[in-house]
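Input: a single structure, listed below in structure tokens.
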Amino acid sequence: MSCLASRAGAILSIDLAALVRNYAFVAKHASTAICAAVVKANAYGLGMVNIAPALERAGVREFFVAHVDEGLMLRSVISRQSQITVLHTATVGAIESCFAYGFRPVLDSLEQIYWARSIASRHEKNVNVALQIDTGMSRLGLSQNEIKNLIENPIALDGVSLSLIMSHLACADTPKHPANAQQLARFRRYVDLLPRAPLSLAASSGIFLGEEYHFNLVRPGAALYGINPFLAHPNPLEAVVHLQARILQTRVLNKGDCVGYGLTWQAGKPHRVATIGVGYAHGFARHGAAKGCAWFKGYRLPILGRISMDSMTVDISSVPESQLQGENMVDILNKTYGVDDLAKVQGTIGYEILTSLGRCYHRFYTYNTDYSSKDEICL
Ligand SMILES: *Cc1c(COP(=O)(O)O)cnc(C)c1O
């Protein structure tokens, strides 16, 4: 272990081999389509600078980010051959930047198409764009009226090269939800009438709805990072993150002793407790305390009292003292207790857990499940 790791209060290990296996699993599942990778929000909090090159080595040639500035960071770590698509391009400036940097903007309205055309004609070059159409989620993309308008006036796309038509599913994590088939049918109906272009509908969950959802390109994010694409089925993907917190101090409580801010927890009998180096500043939401826990070799360590900014106190009474000798790390997230488990306790989803894992952690990127392996890239 490096000296950085030995002094860090918490360590986030990111298993790039598991990431790559997840990508291979998803890509195989959608083998008739190109499998892109969504790396927005700093690769869902895991660090785009390390995640994207690993995915590129695994074969990814299509990357999606939310903002132009994410695209710039991505461009500096992947090859020129890989395409970067920018999802949010609501201003002339954003679209102009996309063309200047060679990114493909996703256009969400007739107005954005108009801007793209004007910029293209000014630069006298054919620009590459993607078009998003709304098929029922009412989030982003051309509305039904705008789609009709475009179908009647396809010349609105003259001067731009349309290389993708996409839409996004609202309920794909629930395979039986009728909205899935409705959105699929609408997507088919619209794209039949629009100028021909490669098509994309499915993100992580949509990929598992079946081949008819795959079209020419799939856009997984969450699944690559180990988040369960299903609401109510076991997770077919591997955990990518392992979060460990250091035991900062242990103590023995007598009956009647209280723990933490507000003294909200009181010992009804003697307890052994440990204060560990993770708190709400590191993505462990304060309201998750009551049902939250840490883990040590299969022992569940319930959180006692309130969560502090950089620490929380857990009950270690169940762990035989001999087993704790010389050990000073506990698990917050591991291969058996993952982001979706923690999300359930905190009343949220795995996406929010991953993206809120703070920057305070010392990070390891490994190609092995054991973070102490020799393959680690220590930053
Ligand atoms: C975020 C996003 C994705 C990836 O979604 P996951 O559920 O993380 O796979 C794909 N497409 C669009 C338009 C998105 O906004």
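Side notes on the structure shown:
- Site pair residue 140 and residue 252 shows an inter-label distance of 5.8 nm when each label is modelled 7 Å from Cα along Cα→Cβ.
- Rounded, prolate or oblate (a/c below 1.5 giving rounded, otherwise prolate when a/b exceeds b/c) for segment 241-371 by Cα gyration tensor: oblate
- Among beta bridges from DSSP that stay inside the chain, the antiparallel ones total about 55%.
- Principal axes of segment 32-225: Cα extent on each, largest first, Å: 47, 45, 26
- Highest-MSF residue in the chain out of 70, 62, 124 [GNM, Cα springs under 10 Å]: 124
- Surrounding net charge for residue 258, when Lys and Arg each add one and Asp and Glu each subtract one, Cβ distance under 13 Å: +2
- GNM remark for the chain: springs join alpha carbons under 10 Å apart, and the peak mean-square fluctuation among 313, 275, 91 falls on 91.
- Residue-count net charge about residue 141 - beta-carbon cut-off 15 Å; Lys, Arg +1, Asp, Glu -1: +1
- Annotation: lysines with alpha-carbon distance below 19 angstrom to residue 255 (same-chain offsets under eight excluded): 269.
- Within a straight-line Cα-Cα reach of under 20 Å, residue 297 can be paired with the following aspartates and glutamates, leaving aside sequence neighbours fewer than 8 residues apart in one chain: 15, 238, 315, 321, 327, 331, 340, 341, 370.
- Residue of 60, 240, 252 that the Gaussian network model of the chain assigns the largest fluctuation, springs spanning Cα pairs under 10 Å: 252
- Using the Cβ-Cβ distance between residue 344 and residue 88 with R0 set to 35 Å, the FRET efficiency works out to roughly 0.75.
- Distance histogram for segment 48-87 (every C-alpha pair counted, 10 angstrom bins, percent rounded to whole numbers): 34, 63, 4
- Taking 0.36 nm per residue of sequence separation and removing the Cα-Cα distance, the residue 61/residue 266 pair yields an extension gain of 68.3 nm.
- Spin-label model, residue 182/residue 100: points 7 Å from Cα along the beta carbon direction are separated by 4.2 nm.
- For the chain, adding -39500 (n - 2.57) for each run of n ≥ 4 DSSP H residues and dividing by the number of residues yields -8500 deg cm²/dmol at 222 nm.
- Taken about its Cα centre, segment 216-282 carries a charge dipole of roughly 260 debye when the Cβ of each Lys and Arg holds +1 and the Cβ of each Asp and Glu holds -1.
- Positive minus negative residues near residue 82 (Lys, Arg vs Asp, Glu; Cβ under 13 Å): +3
- Low-density loop cleavage sites - chymotrypsin sites (Phe, Trp or Tyr not before Pro) in segment 89-165, where at most 14 other Cβ are within 10 Å (DSSP): none
- Rounded to the nearest 0.05, the FRET efficiency derived from the C-beta distance between residue 81 and residue 122 at R0 = 30 Å is 0.65.
- Applying both filters, DSSP loop and at most 11 other Cβ atoms within 10 Å, to the trypsin sites (Lys or Arg not before Pro) of segment 198-307 gives 255, 297.
- Note on segment 32-225: with neighbouring protein chains present and a 1.4 Å probe, carbon and sulfur make up 51 percent of its accessible heavy-atom surface.
- Hull-based mean projected area of the chain, where the convex hull spans the alpha carbons, in square nanometres: 20.4 nm²
The values are calculated or read from the model by the stated rules, or taken from the named source; none is laboratory data. In this text, all values refer to a predicted model and were calculated from it rather than measured experimentally. A quick note on method: Cβ atoms are made from the backbone with ideal geometry, for glycine too, and the neighbour counts reach across all protein chains shown. Only protein heavy atoms, including side chains, enter the accessible area calculation; ligands, DNA and RNA are left aside. Shrake-Rupley method; radii C 1.70, N 1.55, O 1.52, S 1.80 Å.
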